[in-house]
Amino acid sequence: MFTGLVEEIGKIKAISNLGGGKKISVSTKKIIEELKIDDSVSINGACQTVIKVGINEFDVIAVEETLRKTTLGKLKTGDEVNLERALRLSDRLGGHIVQGHVDTTGKVQSIEKENTGILYWFSFPAEFGKYLVNTGSICINGVSLTTSRVERARFCVAVIPHTVSVTTFKNLSNGSEVNLEFDILGKYIEKMLTVNHSAKKSALDIYIDQPEY
């Protein structure tokens, strides 16, 4: 579990094919100090397991499902990525509850600089729109942010200059693809309502099908 507060910008050192997956080596200076094999690390919002730790670098393996759902398969050597280690129970939850389980990808539609903040508009598959509300939580490339406007297949976030400077948001431009994770609470509520509705419907069907005497 993560908070969506990026600890460091790392850099892709090497990528090699591994069957249908990829082994990815990431260079880092800060988070490497306490990192060990089997630890979870969020790479651009995708939770990955550390399989090797070296001097200022670590390796992960992105399997086929990860490559299908995220942008990790499109990374190139030298690309910068947002990094965050897993949350410790003693830490403050400064962002929101982030699992590192990417739901889908979106694309930058426009970037508008205001006097203080910067507005980023993102497009995304319309079927995920049910998980977004105005002033709700969204995780973009591992960064916890708040939606300012939500439409059917796009949404906007207002980002402060500090967040841009300490994350890979500074590298985004129109058309850039990003990883999106929607609020887990909304997904659980949807599941409970769906199961509840199905259970009630089944009970009603059984009652209607009872023979008359």
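Computed over the range 15-131, the P(r) curve from all C-alpha pair distances, binned at 5 Å from the origin, holds 2, 9, 17, 20, 19, 15, 11, 6, 1, 0 percent per bin. Can you compute the label reach from residue 116? Point 7 Å from Cα along the Cβ direction, backbone N cut-off under 16 Å, restricted to the range 157-187. So the set is 158-164.
Provide the three semi-axes, in whole Å and in decreasing order, of the ellipsoid equivalent to the chain as defined by the square roots of 5 times the Cα gyration tensor eigenvalues. Don't skip to the end; give the middle numbers.
On the way: eigenvalues 244, 106, 54 Å².
Ellipsoid semi-axes (Å, largest first): 35, 23, 16.
Extending 7 Å from the Cα toward the beta-carbon at both residue 104 and residue 194 defines two label points whose distance is 1.3 nm.
Using the Cβ atoms and a cut-off under 11 Å, what net charge is assigned to the surroundings of residue 22, where Lys and Arg are +1 and Asp and Glu are -1? Don't jump to the answer; show the numbers that get you there.
On the way: positive: 23, 74; negative: 59, 64.
Neighbourhood net charge equals 0.
Axis angle, to the nearest 10 degrees, between helix 184-208 and the longest C-alpha principal axis of the chain: 20 degrees.
Result for the chain in a Gaussian network model with C-alpha springs under 10 Å: among 188, 131, 120, the largest mean-square fluctuation is at 188.
With the cut-off at 25 Å, tell me which of the pairs 36/170; 29/187; 13/170; 36/191 have Cα atoms farther apart than that. Mind showing how you got there, number by number?
Values: 36/170 29 Å; 29/187 35 Å; 13/170 20 Å; 36/191 35 Å.
Long pairs (Cα-Cα over 25 Å): 36/170; 29/187; 36/191.
Might you report the magnitude of the Cβ-based charge dipole of the chain about its Cα centre, with Lys and Arg at +1 and Asp and Glu at -1, to the nearest 20 debye?
Computed about the Cα centre, the dipole is about 460 debye.
Taken along its three principal axes, the alpha carbon spread of the range 1-59 comes to 32, 23, 20 Å, from the longest extent down to the shortest. Computed over the range 76-164, the alpha-carbon pair-distance distribution with 5 angstrom bins reads 3, 11, 22, 23, 20, 13, 7, 1, each value a whole percent.
Rule-based calculations on the coordinates, nothing more; no lab input. This one's a predicted model, so the numbers in the text were calculated from it and none came from an experiment. We place every Cβ from the backbone using ideal geometry, glycine too, and count neighbours over all the protein chains shown.
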